[in-house]
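One structure below.
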Amino acid sequence: MADYPFLAAEFLTALEDSGSVTAATGWTPHHLAAQRGRPFMPLYMKTHSYGEYVFDWAWADAYHRNGLAYYPKLVTAIPFSPVTGPRLRAPDGAPDPDCGAALFDAVRETAAAAGAGSWHLLFPDADTRARFAGLGLLERVGVQFHWSNRGYRDFDDFLDTFTARKRKMVRRERARIPAQGLRVEMLPGTALGAGQWDFFYRMYQSTYRKRSGTGGYLTRDFFARIGATLGAQIALALAYAGSEPVAAALYLHDRERLYGRYWGSLRDYECLHFELCYYQGIDFAIRRGLRWFDAGAQGEHKIARGFEPVETWSLHWIRERRFAVAIADFLVRERAHIQRYVEEARSLLPYRTADGD
């Protein structure tokens, strides 16, 4: 995915230059630069586990209870973004298939110099995972819910694949938007002005205040920077009551996939979250011919709206041998649970079977 927005230099630089990702926020950049036979790989020294979405708090607690320090640790990830994708960027195309060993050596050298006892590669795509195969890294599996485009002509064509009951549910939810006096539009990032970005940032902060009492990880300047440099890969869904904007949801996209990122609303409106964060995204993906829609982490309520369970991955190196053994055992048991969960989630999908409704 050459145009994957989250690994673009413009995106990663905006995180740092805006003050969103710095030593002060617990994300100290230690990126591995591209060299002969080795691609660029983002790398951060972390003093906490916030903003990662692969939860290792229990591992940190086990270290603490045994008198050991879990932090600092090294993380290869897209900060605050649980989006699967490439984690290696080669200046001349695809990374060398054998680059994993050299990168792993460089990671361990960085860990030794920084006093870090572990490295965590989060949400890699299949190509990135393949580069690190056979190096003894622990693999952890997770679950998200993504939407797949099966060549739908429009939203109604997509809904025609649902059972009658679920189809009526979605149509009823979408009808609630105009019934509440709301209208919605999806604007390209290139058309957004400072006022629209200001409103979106208010919504972003309001959502985080409701969830955690904070204003969120990202600064207003970060959004200004990606708006200026990655506008062609951004879309913003806005809901209006009359002429007043009342809610917003931000998306990024590349040539194959749509990524739903952040949303917020001034007031509670029935079904507006579903409309802005799911249905507008599906509509956009169908119009653009995008193959997939990643609407973000968690959210079992996505299943009834056509989002299917997909496995996500992370790779882990743990320096302390006894903890590596214990974590490996935990991951085996966790994977069996995840597999059962995926099977159960698939049984709840709204699509018609071969026998009809």
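Since every read-out is calculated from the coordinates, none of them should be taken as a lab result. In this text the structure is predicted, and so the values were computed from the model without any measurement. Virtual Cβ from ideal backbone geometry, glycine too; neighbours counted across all protein chains shown.
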Most mobile of ARG322, ARG257, ARG335 in a GNM of the chain (Cα contacts under 10 Å)
ARG322
Considering the chain as a Gaussian network with a 10 Å cut-off on Cα pairs, which listed residue, ARG165, ARG38, ARG89, attains the greatest mean-square fluctuation?
ARG165
May I have the pair-distance distribution P(r) for the chain, computed from all Cα-Cα distances with 10 Å bins from 0 and rounded to whole percent?
5, 22, 31, 26, 13, 3, 0
What residues qualify as long-range amide H neighbours of VAL21, i.e. H under 5 Å apart, gap of 5 or more or another chain, H built at 1.01 Å from N?
GLU16
Paired Rg and Dmax values of the stretch 67-140, which use every Cα atom, in angstrom
13.0, 46
Lys pairs under 27 Å by Cα in the chain, provided they are eight or more residues apart or on distinct chains
5
Spread of Cα-to-Cα distances over 10 Å intervals beginning at zero, given as percent, for the stretch 206-357
8, 27, 31, 22, 9, 1, 0
Could you tell me the largest-minus-smallest coordinate of the C-alpha atoms of the stretch 293-351 on each of the three principal axes, in descending order and whole angstroms?
46, 21, 12
Note on the stretch 150-290: alpha-carbon gyration tensor, axes a ≥ b ≥ c; rule is a/c under 1.5 for rounded, else prolate if a/b larger than b/c, else oblate; result oblate
Between ALA224 and THR22, what is the spin-label point distance in nm, taking each point 7 Å from the Cα along the Cα→C-beta axis?
1.5
Quote the charge dipole size of the chain about the Cα centre in Debye, to the nearest 20; the model charges only the Cβ of Lys and Arg (+1) and of Asp and Glu (-1).
580
Please report the Cα spread of the stretch 94-218 along all three principal axes, rounded to whole Å, starting with the longest.
60, 38, 30
Using 0.36 nm per residue of separation minus the Cα-Cα distance, give me the extension gain between ARG340 and ASP127 in nm, one decimal.
74.1 nm
Which three extents, in whole angstrom, do the alpha-carbon atoms of the stretch 37-99 cover along their principal axes, largest first?
46, 22, 16
Selected from LEU182, TYR278, PHE222, residue furthest toward positive end of dipole (the stretch 150-290; charges at beta carbon):
TYR278
As an exercise, use a Förster radius of 30 Å and the Cβ-Cβ distance of ARG211 and ALA328 to find the FRET efficiency, rounded to the nearest 0.05.
0.40
Over the stretch 233-282, what number does the Rg to Rh ratio reach, with both radii from the alpha-carbon atoms and Rh per Kirkwood?
0.99
